[in-house]
Every structure is written in structure tokens, then in C-alpha cells.
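Structure first, commentary second.
The values are calculated or read from the model by the stated rules, or taken from the named source; none is laboratory data. Since this is a predicted model, take the numbers as computed values, not measurements. Neighbour counts run over all protein chains shown; Cβ positions are idealised from the backbone, glycine included. Surface accessibility is based on the protein's heavy atoms, side chains included, excluding ligands, DNA and RNA. Shrake-Rupley method; radii C 1.70, N 1.55, O 1.52, S 1.80 Å.
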Amino acid sequence: MRNRARRHRALAAALIMACTPAAPLLAQCGFRQAFTRPDERGTQTVTVFEGDPVPALGNARPLLFITSLKVNTDGTKISYHQDDPTGRRCRQNPASAPCAINNIRNAYRNPARPESEFTALRDAGYPLPRTWQVLSDNIIEKNRTTGKPCITPDGYLVSMTADVAVNGGFTRVGDCDPAKWIDALAVPAIVVPKSAPALPSQFVQKGVGKRSLVVALSRSATRRIVSGIVGDLGPASEIGEATVAMNRALNGLPETEQPKHRQDAIDRFQAGRTAVVVFPGTQSVMARPLTAPRVAQAGDDALTKFGGVDQLYRCIQQEVDPMF
């Protein structure tokens, strides 16, 4: 009798456990608010969180922020075209070609100046030194032989990036070969703020640099995960800019899809609210060459060492944003 009663109690306990909703798994990333950064030229603020040290990543503490992403076109061959300085030609006439996906003023020393200053330089044959008083030689590559802007045979200005995609790439600056730069159409990457005298970059202070590994995640309703790198250190008052390739993947567009013109890059490629995780430290710096498959593999490896994508979504929802 005693054994039978014991069996009945065990069976009842098992039934109660089976009928009781399972407790949600607890996240253990330790994300806490670390600092804030200005965005949209200081009109908005983005909060950055810092997680617990990750032993498998050299005890680095990942950084996380959530924001919408703007489109970065640097390094792509079709960024700037000398006959389409506004980036609107293909919008006005879809049959036109070739077309740019960015406005030439974004390659100026002073972006507030009009496009007419560029067309005057173009029509005059890019006179020196006036050309580089308008254009920035940190954005447009300078031909080491002529001193004038590098222009491809089909009329595109060669757009530079802050880092190079191949070993020895910096020694080739001036050869006008776009292949040495990080192609925004192919490599998922983000831009993080650089340090300014009045506004130091906490990202840099915490060990983030060019080619640091990144994982970007769309909201859980779509759940798209994109591995990438830090491709550039940009303006101190901006955060949340990503390459065409990263925005395209987060929006679920085909890999072959490219912006047709500047407004198309904004309308179809800018990703919505996105969680971006940055892995600081030298152990998370991507080695060259920088190709999309190698970046994807490196980012996937870092995410696995972190604890996996399910763990990351749980941490975001439980520690940062329950609606993500």
C-alpha cells in the first residue's frame, strides 16, 4: 500500500509539472547601459549597452545598440558618376545609364556646397589644385600620376574606404583600381563614431576598431542575422550607418539586387530598427582579404562563441528591449 501511494504521488507530481507552463529561459548576457551617442547630427540619441565578458572571445565585453540603419555606399564602383552628380538621373529617366547611387556633395570637403561646383571642375578637366579644394581626397582616390581624380573607363569616380580589402592595399593607393577598397555592395559593414576633440569615441576606448567583427539582427518577427565588420570610423555625431550589402540582407532582398539610384538606395535598402552587436578586442579583428564569405564565417564563429543566436535574442528581449 505504501509503495502504491508513493507511485500515485509521483504520478500526480509529474502531471502537475506537465500541465504547468515552462518558465522562460533566463538570459545571461549582462547587457547594461554603458553610454549614449548622438545621432542625426546631434538631434537624436542612441543608447549603447555593454555585456558581460565572454571567455571564448578573450573576455571581451560585447557592445550592443538598437537603431535604424542608413545606407553607406563608400567603396562601391557605382557610388559617384561624373555625369550624374545628383544621383537622380536614373530616377528621372529609368532608361538612362550609367547612374550614381550617391550625391557628389557627399564626397566634398564641405557637403553644403552645390553640385555646380563639381560640374565646373569636370567641364574644366579637373584643374589642380582647385579640384581638391572641392573634393575630399579621403573619399575620392587621387591618381598618383596625374594628381587628378581616379575615374573608371565608364565614368565613375573611384570611391575610397577607410580600410582596404586586400593585403598591401594601402601601398596601391593612386593606382585607381577599385578592387583594393571594401566594396559596400558586397561586404556587410557598419560605421562607428570616431573620436573628436570635444567628443571622444567610447567605441574606440573600449577596443573597437576597423575590421572588428559585428553581428546585426532584424527584429524577431523577421529574424534575419547578418555578420559583418566595422568598415569605417565616421562622424562623431552619427551612428547607425551600414553598407548596401548589410542593409540589403537585413531587408531580405536578393544578393544580386543593387540600388538603381540614390533615392532607391534610401527607399528600398535602408533597414529598419536593427540590433547591432560589436565585438571589441584584437581577437575579433577580421584578417584580410575581406570577402563576403570570409566575413560571414568569421561573424558566425564569433556569434557561436558568444552563445548563439537564440541566446542573443533572449538577451536583447530580457535585458534591453522586450519588444524587439
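With a probe of 1.4 Å, find how much accessible area the chain has per residue, and write the answer as a whole number in Å².
49
Take the chain, connect every pair of alpha-carbon atoms lying under 10 Å apart with a spring to form a Gaussian network, then pick out the residue of 274, 43, 131 with the largest mean-square fluctuation.
43
How much accessible area does residue 104 have with a 1.4 Å probe, in Å² rounded to the nearest 10?
Its heavy atoms expose roughly 0 Å² to the probe.
Express in Å², to the nearest 10, the accessible area of residue 238 obtained by rolling a 1.4 Å probe over the protein heavy atoms while all chains stay in place.
Looks like 40 Å² after rounding.
Provide the net charge surrounding residue 231, with neighbours chosen by a C-beta distance below 9 Å and charges set as Lys +1, Arg +1, Asp -1, Glu -1.
Working: positive: 210, 211; negative: 74, 163, 232.
Residues close to residue 231 contribute a combined charge of -1.
For residue 31, what charge total do you get from the other residues with a beta carbon under 13 Å from its beta carbon, if Lys and Arg give +1 and Asp and Glu give -1?
Details: positive: 32, 61, 314; negative: 50, 52, 319, 321.
Result for the neighbourhood of residue 31: -1.
Place a +1 charge on the Cβ of each Lys and Arg in segment 132-290 and a -1 charge on the Cβ of each Asp and Glu, then give the dipole magnitude about the Cα centre in debye, rounded to the nearest 20. Kindly include the intermediate steps, with their values, before the conclusion.
Working: 18 positive and 14 negative charges, 80 e Å.
The dipole magnitude comes to about 380 debye.
For segment 170-300, what % of the accessible area comes from carbon and sulfur atoms, probe 1.4 Å? Can you show the working numbers first?
Details: 2840 of 5350 Å².
About 53 percent, which is the carbon plus sulfur part of the accessible surface.
Once the other residues with Cβ under 12 Å from the Cβ of residue 254 are scored (Lys, Arg +1; Asp, Glu -1), what is the net sum? Spell out each step's value before the answer.
Details: positive: 248, 268; negative: 255, 257.
Spelling it out: positives minus negatives among the neighbours equals 0.
Mind sorting out which of [x] 22.3, 74; [y] 24.1, 105; [z] 20.1, 64 is the real Rg and Dmax of the Cα atoms in Å computed from the coordinates?
Label of the calculated value: [y].
Rounded, prolate or oblate, given the Cα gyration tensor of segment 246-324, with a/c below 1.5 counting as rounded? Walk me through the numbers on the way to the answer.
Values: a/c = 2.44, a/b = 1.25, b/c = 1.96.
Judged from the Cα gyration tensor, segment 246-324 comes out oblate (a/c at least 1.5, b/c at or above a/b).
Is the shape of segment 185-324 rounded, prolate or oblate, going by the alpha carbon gyration tensor and its root eigenvalues a ≥ b ≥ c, with a/c under 1.5 for rounded and a/b larger than b/c for prolate?
Numbers: a/c = 1.27, a/b = 1.08, b/c = 1.17.
It comes out rounded by the Cα gyration axes.
Do the alpha carbons of any pairs in 70/194; 180/210; 142/194; 194/305; 180/206; 77/180 sit beyond 21 Å of each other, and which pairs? All intermediate terms of the calculation are to be shown ahead of the outcome.
Details: 70/194 17 Å; 180/210 15 Å; 142/194 24 Å; 194/305 27 Å; 180/206 28 Å; 77/180 11 Å.
Among 70/194; 180/210; 142/194; 194/305; 180/206; 77/180, the Cα-Cα distance tops 21 Å for 142/194; 194/305; 180/206.
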